[in-house]
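The structure appears below as structure tokens.
The values are calculated or read from the model by the stated rules, or taken from the named source; none is laboratory data. Source: prediction; values computed, not measured. Cβ: placed from backbone, ideal geometry, glycine included. Neighbour counts: every protein chain shown. Just so you know, the surface numbers come from the protein's heavy atoms only, side chains and all, with ligands and any DNA or RNA stripped out. Shrake-Rupley method; radii C 1.70, N 1.55, O 1.52, S 1.80 Å.
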Amino acid sequence: MRREPPKTAADYAPLAFPALMLTLFFVVPFSIMIAVSFFRRDPAGFYKPDFVLDNYARFLTAFFGSVLGFSLMLAVLVALCCVAIGFPFTYLLTRCARRVQTVWLVCLLSVLSLSEVIIGFSWSTLFSRTAGITNIFVALGLMDEPVALLPSFGAVLTGMVYQALPYTILVLYPALVRLDPTLLEAARTLGASPVRAFFNVVVPALRNSIVATLIMVFVFALGSYLLPQILGRPQHWTLSVLITDQAIYQSNMPFAAAMAVFLVLISLALVGLTLLIGRREEAS
Amino acid sequence: MSGLSIDAVTKQFGDFRAVDDVSLSVPHGTFVCLLGPSGCGKTTLLRMIAGLEEPTSGTIALDGADITGVPTHRRNFGMVFQSLALFPHLSVGDNISYALRIRGASKQEQRKRVEDLLALIHLPGFADRPVAKLSGGQRQRVAIARALALSPKLFLLDEPLSALDAKLREAMQVELRQLQQRLGITTIVVTHDQREAMTMADLVVVMGSGRILQAAPPIEIYRRPADAFVAGFIGITNLLPADADGAGRTMVLGHAVPGLKLPAGMAKASLSVRPEDVRIVAPGAGALDGTVTFVRDLGGTIETFVQTGGTTIMAVATPRERPDVSVGQQVGIALPPESCVVLKS
């Protein structure tokens, strides 16, 4: 079915409500935040309207630079882990019987109903010395005595991957379900082993879906705020944690706003770069 | 023995028996068409030959060596899929050379082979084009070239021409047959189009409900179908009930057909008479009389439908031998006994 492009103002009418809501709850607050990032902090009160670049200048210190670097690294790592686990899993899932697929998808959806707080504290229990999984390893004779696996980077990574994995699978699922299974069979008749055919044919054929999923999980992980605090040490805290700290505990709204704007710009730049590289590869 | 031999192969999907005790032997260089309605098991049989499905029981052997348990990627059979399954992210040349790349052939070797194959399929200079920019017929040829890249021992095609329009399909049938003859490669094609099978095959295997109903050269299947199903599936036929009257005569629709004998001990039978064998004669001059209900003049051929004894008999004639009949006219129908095929009813 082909639709006519909208022409008159009346054709655009259904857009009015979402446009209004977006303006009211996204464009306006975001603009205020950008404005505040140039304001001057007032230690006695809140902030004074002004136009200073101090907030951005302060950001260019080694400390904030390293926190930003860590946040980006963590988000990239979470995205890579999620796709590395989620893609083969989803591929195998789409090859299962309908009933099996439904059960798995319902289970994954139910994970989404868990709040970040519950996920965080559940993992902190699982990684603890007194009640954690190491007790099972001890019972199995794999370890001599239970140890605490947190706070640590591995714990942060595990928690965040766990949280993002259902989204990864749900985004990849439609693309993999639509994949023509004869592509893989064709590769096999041409002499590729099943594993080789998977990497030679399935992965490249779905490159766009994989890139889109990586970007989605990256952005999702970049905003992570609770899990690094519950499962990690202070050096594992992300920029989001620092922004909250500045905004709420230090009452330095302009600096928090500047950091938030900076984070958005960096994320947009990285996403843009990924898309640009993808397009150039496609053209060549 | 030399060639492909399929021995008592059965494939069960749950309660459904897709292929039921099929045995077939295909000598080297033969062009075989597996023909049948959808769901008759022909594609499943082809996929078992390719190694994409495992037989529930039975063996498949090539040149005397059992290949039943050999995985697909070690069989070295070329296969063209109904969807063609060209790799969308690769160029035409990279699609064709994929099998060579997997075997670690050198770049020059790959380029040489791609050029040769593109010349073979009449698409020279197409190596660098993206697959998405090709027309249906071109994609078809590329899929064929890709399957032939390693000079396979067996060339398998699953409804390869079904996506093409009628005119292109007819041209590709001829081209595919000529290609097969030039290469002398053993080829097995799955199709539901009897015209396609008649055009290309040395051996037509008619399947129904998972079994082989008849395996014979196409003209033999057309002239001497094994049963009413085969007769109806290959070409158009008039199926008429016939019975012996006990006095040595054979009655068709209540009239005796002189010169027609049912085999000894057979009291009732079905008679298959091809429309081009039915003669329209003056009333009373043939075995049956009837009324012309419709005349379809297609220019090249004229089809005449005659109503008699509750059934409609179709006769086909060329304009040169055009019977001068019109709708509503009373005519006689002559059934030459030598062109009547007696089938068990």
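Listed values, structure above:
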{"quantity": "Approximate spin-label separation B:Ala256-A:Asp50, in nm, with each point projected 7 Å along Cα-to-Cβ", "calculated": "12.5"}
{"quantity": "For chain A, the longest site-free run once trypsin sites (Lys or Arg not before Pro) in DSSP loop states with at most 10 other Cβ atoms within 10 Å are removed", "calculated": "A:8-284"}
{"quantity": "Solvent-accessible area, 1.4 Å probe, carbon plus sulfur percent, for the protein assembly as shown", "calculated": "61"}
{"quantity": "Protein-protein interface of the stretch B:77-95, residues with accessible area decrease of at least 50 Å², isolated chain reference, 1.4 Å probe", "calculated": "B:Phe81, B:Phe87, B:His89"}
{"quantity": "Gyration tensor verdict on the stretch A:197-284 (Cα atoms; rounded if a/c is under 1.5, prolate if a/b is larger than b/c, oblate otherwise)", "calculated": "oblate"}
{"quantity": "At R0 = 35 Å, FRET efficiency that the Cβ-Cβ distance of B:Ala65 and B:Gln181 yields, to 0.05", "calculated": "0.85"}
{"quantity": "The stretch B:112-130 versus the stretch B:70-98: alpha-carbon centroid distance in Å", "calculated": "15"}
{"quantity": "Angle between chain B longest axis and helix B:107-120 axis [Cα atoms, degrees, rounded to 10]", "calculated": "20"}
{"quantity": "Hydrodynamic radius (Kirkwood) for the protein assembly as shown, which is based on Cα pairs only, to one decimal in Å", "calculated": "31.4"}
{"quantity": "The stretch B:71-167: trypsin sites (Lys or Arg not before Pro) in DSSP coil with no more than 15 other Cβ atoms inside 10 Å", "calculated": "B:Arg103"}
{"quantity": "Sites B:Ser339 and B:Ala119 - FRET efficiency at Förster radius 41 Å, r taken between beta-carbons, to 0.05", "calculated": "0.35"}
{"quantity": "Radius of gyration, Dmax [chain A; alpha carbons; angstrom]", "calculated": "23.4, 75"}
{"quantity": "Alpha-carbon gyration tensor eigenvalues x 5, square-rooted, for the stretch A:81-231, Å", "calculated": "34, 19, 15"}
{"quantity": "Hits among lysines - C-alpha to C-alpha of B:Lys268 under 16 Å, sequence gap 8 or more where chains match", "calculated": "B:Lys344"}
{"quantity": "Among B:Gly265, B:Gly284, B:Gly93, residue whose mean-square fluctuation peaks in a GNM of chain B (springs only between Cα atoms under 10 Å)", "calculated": "B:Gly265"}
{"quantity": "Area buried, chain A against chain B - accessible surface, total, 1.4 angstrom probe, square angstrom", "calculated": "1700"}
{"quantity": "Compactness relative to 2.2 N^0.38 Å, alpha carbon Rg of the stretch A:25-145", "calculated": "1.72"}
{"quantity": "Label-point gap, in nm, between A:Leu22 and A:Leu170 - each point 7 angstrom along Cα→Cβ", "calculated": "2.2"}
{"quantity": "With Cα atoms, 0 to 90° folded angle of helix B:136-148 axis to chain B main axis", "calculated": "60"}
{"quantity": "Cα-Cα separations in the stretch B:236-344 greater than 23 Å, expressed as whole percent", "calculated": "25"}
{"quantity": "Hull volume in cubic angstrom per residue (convex hull over the Cα atoms of chain B)", "calculated": "172"}
{"quantity": "Zero-based 10 Å bins, Cα pair distances in the stretch A:190-233, whole percents", "calculated": "23, 28, 22, 20, 6, 1"}
{"quantity": "Candidates B:Val295, B:Val206, B:Val92, ranked by Gaussian network fluctuation over chain B, Cα under 10 Å, top entry", "calculated": "B:Val295"}
{"quantity": "Span-rule helices in chain A, defined as complete DSSP H runs reaching 20 Å or more along the axis (Cα) with Kyte mean at least -0.5", "calculated": "A:62-94, A:98-112, A:153-178, A:207-222, A:253-283"}
{"quantity": "Residue-normalised accessible area of the protein assembly as shown, expressed per residue, 1.4 Å probe, Å²", "calculated": "50"}
{"quantity": "Isotropic mean projected area of the C-alpha convex hull, the stretch A:10-73 (nm²)", "calculated": "7.5"}
{"quantity": "Two-site label geometry, B:Ser209 and A:Phe64: point separation in nm, points 7 Å out along Cα→Cβ", "calculated": "8.1"}
{"quantity": "For residues of B:62-74, the mean tally of beta carbons on other chains within 10 Å", "calculated": "2"}
{"quantity": "Loop chymotrypsin sites (Phe, Trp or Tyr not before Pro), the stretch A:41-130, which have at most 14 other Cβ atoms in a 10 Å radius of their Cβ (DSSP)", "calculated": "A:Phe46, A:Phe51"}
